[in-house]
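Notes follow once the structure below has been shown.
The values are calculated or read from the model by the stated rules, or taken from the named source; none is laboratory data. All values reported here derive from a predicted model rather than from experimental measurement. Quick reminder, even Gly has a Cβ in these numbers, built from the backbone with ideal geometry, and neighbours come from all protein chains shown.
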Amino acid sequence: MNQILLQFVNGITYAGLLFMIASGFTLIFGVMRVINMSHGAFYILGAYIAYTIQKQTGNWVAGIIVGSIAVGITALIVRTLVSRVKGALPQTVLTLGIAMMIGDLCLYIWGGLPRTIGEPTFTMNPIHLLGSTYPTFRFFVLALSCVVGGGMWYMLQRTQLGRILRAGTDNRPMASALGINIDRIFTLVFILTGLLTGLSGAVGGTYIAFGPGSDFSILTYALVVVIMGGMGSIPGSALGALMVGLVDSIGRAYVHEVAIFLLMGTLIIVLAFRPRGLLGREE
Amino acid sequence: MKANSVYRIVVIAVILLLAVTAPYWLPLYYIQLLDMSLSIGLTAMSFILLAGYCGMISFAQMAFYAMAAYVIGIGTMDLGWPNWVLLPLSVAGASFLSAIFGAIAIRAKGVYFLMMTLALSQLFYGVGLEWESVTHGWNGVAGITRPEIFGVSLLSTTPRYYTALVVTIICYLMLRRLVRSPFGLALQGIRDNPTKMAALGFNVHLYRYIAIIISGAFAGVGGVLGVYSTGVVSPHTNDLSAIVRVVLAALIGGVTRLEGGIVGAVVTVLLISFTSRYTSRYWMVVGAVFMLVMLFLPNGILGIKLKKNTDVPSGRST
């Protein structure tokens, strides 16, 4: 019984990380209709930079700050490249080339070995939970994802920027006609996503090991979460992250190597009943 | 018009002559590369069938390719099944996978379709990686034995190249016949105006679905050629760089014409081979070329030369 509960807790903390990864991905999609295929590359770039900073200075917080800012700048560069092509589909295909370049750059600088970022000192002491010890850092990830989720909710619902973003998501031509500078909004969304994904990379790199190929698997999880939750919806990606996190953790604990079928099956069942995802809306 | 058709016949004859005589004047290494290009090119043609003729950008073609390759690899090495069972079974397997993926992705359009097929393709990568007792995980199946045709083993490069050449030409002719048939014309009509085609009584979903399954089967044939070419199948058969390779081949060739897939595949495989000789950062070069093609040649090499005013089908966003 405790074992199941423990896997449940694992799933929820993992969902926290997945939500942070997927929320930026879904934000870009919602506003620009572009699938940013370099999203996984953003993640490992943030993780690698945070790893190096943490290694050099011993300061974990400095690592995640520098990591997210660096990815924010990278995202800005990607944004300028993407804006040179017209149409969502060519833009999406273009980001695939960018993903290859960032992935190969990381391989060149940091080599092929998988790495993990050292834990920050404030989560060193494990928590006693259900008669066993549980790493505190995972709860920190969960708390951080709640802060990120809350912050995004506040930004989208309560601020002028959020209103503009929602307007841009719902009806881009109309928002543009009302005098909103859509181009500037796109840039902002990309930078925001870069910061957020860099942060998730730095935090996720402390949570689970990363290396070459992680960019690919992170992109998979981001895609599955966002498709399941409904593309472009932030609450949807929270719900999708929760489902994927739980199914994946429990699947890995009990059915081991065929856990991926469980994930695929969940996705298929969700899409059979809700073709646009759990909280997705009709186009 | 007449001069044009003479010109075409000459071009086709020259290309065929070059392709058939290649083993006599090219080093064996290049024949191996050409053999690889044919399998990639066939898969790129299956991509073009969906992208150029149906307006659906599918990133799952390499999953169908890998499915057929896995059937051959596991069937030959682990189960020891005969080739006359495995060859049809591998193509059937690829079609089966495309039928599943298609059933899930068919309702999505444009960029949504791309996203669905990419996610499904990546989940298939995960299956190859994690279902170790069947797929042998990370390492995959290596050293796959090749069949014999008329007493000649396909283990040696030249007979394998000729076999691949014949198979690719047959598949190309079949695909060409298909896109010019009433079925293919209906697909192009659906690409341009699905609402109108539906009003005319065409079952739009069914047409699209059948096109996905057909393209899956041809990608599967590409996978069989590919697994015989390299002798290896692993999750990397279907990883992001493999997807990039086949999509780049289609983009370079221009997604508006089937033969673009072969031309693009030869260019792509040669590009990767040349750059990997000078630098180990060749994926960076490939990524950059990929970007440059998207930025400056959105219609590809053949696309620009032949039809200046043809829109890239991918340009239509929803």
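Do we have A:A259 as away from chain B (no Cβ under 14 Å), touching a Gly at 6+ places or on another chain (Cβ under 6 Å) and either surrounded by 23 or more Cβ atoms within 10 Å (Cβ to Cβ) or in a helix (DSSP H, G or I) (or both) here?
no
Are any residues in the stretch B:1-38 modelled with pLDDT of 85 or more, exposed (fewer than 12 other Cβ atoms within 10 Å of the Cβ) and of a type in the set (G, A, S), and if so, which ones?
Correct list: B:A13 only.
Give me the pairs: first residue in the stretch B:129-142 and within 17 Å of B:A68 (Cβ to Cβ) and away from chain A (no Cβ under 11 Å), second residue aromatic (F, W, Y) and part of a helix (DSSP H, G or I), beta-carbon distance under 9 Å, and six or more apart or on different chains, which are they?
B:G140/B:Y70; B:V141/B:Y70
If I go through the stretch B:267-288 residue by residue, how many of them are of a type in the set (G, A, S), assigned to a helix (DSSP H, G or I) and either within 11 Å of chain A (Cβ to nearest Cβ) or surrounded by 18 or more Cβ atoms within 10 Å (Cβ to Cβ) (or both)?
Total meeting the criteria: 2.
Quick check, is B:G264 on the phi > 0 side of the Ramachandran plot and buried (at least 20 other Cβ atoms within 10 Å of the Cβ)?
no
Please go through the stretch A:87-116 and pick out each residue that is free of Cβ contacts under 8 Å to residues at least 60 places away in the same chain, more than 7 Å from chain B (Cβ to nearest Cβ) and touching a helix residue (DSSP H, G or I) at 6+ places or on another chain (Cβ under 7 Å).
A:Q91 - this is the single residue of the stretch A:87-116 that is free of Cβ contacts under 8 Å to residues at least 60 places away in the same chain, more than 7 Å from chain B (Cβ to nearest Cβ) and touching a helix residue (DSSP H, G or I) at 6+ places or on another chain (Cβ under 7 Å).
What number of residues in the stretch B:192-223 are touching a helix residue (DSSP H, G or I) at 6+ places or on another chain (Cβ under 8 Å), over 16 Å from B:A105 (Cβ atoms) and assigned to a helix (DSSP H, G or I)?
So the count comes out to 9.
In the stretch A:125-140, what residues are surrounded by 11 or more Cβ atoms within 10 Å (Cβ to Cβ) and part of a loop (DSSP other than H, G, I, E, B)?
The answer is A:P126, A:L130, A:P135.
Considering the stretch A:240-256 alone, what residues qualify as being surrounded by fewer than 14 Cβ atoms within 10 Å (Cβ to Cβ) and either away from chain B (no Cβ under 11 Å) or not hydrophobic (A, V, I, L, M, F, W, C) (or both)?
A:Y254, A:H256, listed by residue number.
Where the second residue is of a type in the set (K, R) and in a helix (DSSP H, G or I) and the first is more than 14 Å from chain B (Cβ to nearest Cβ) and surrounded by fewer than 24 Cβ atoms within 10 Å (Cβ to Cβ) and lies in the stretch A:8-36, which pairs have Cβ atoms under 6 Å and are six or more apart or on separate chains?
Between residues of the stretch A:8-36 that are more than 14 Å from chain B (Cβ to nearest Cβ) and surrounded by fewer than 24 Cβ atoms within 10 Å (Cβ to Cβ) and residues that are of a type in the set (K, R) and in a helix (DSSP H, G or I), the close pairs are A:T13/A:R138.
Which condition number in (1) closer than 20 Å to A:V147 by Cα; (2) within 14 Å of another protein chain (Cβ to nearest Cβ); (3) β-branched (V, I, T) is the one that A:V61 fails?
The single condition A:V61 does not satisfy is (2).
Can you say whether A:G72 is at the interface with another protein chain (Cβ under 9 Å from one of its Cβ atoms), buried (at least 17 other Cβ atoms within 10 Å of the Cβ) and assigned to a helix (DSSP H, G or I), as far as the supplied structure shows?
no
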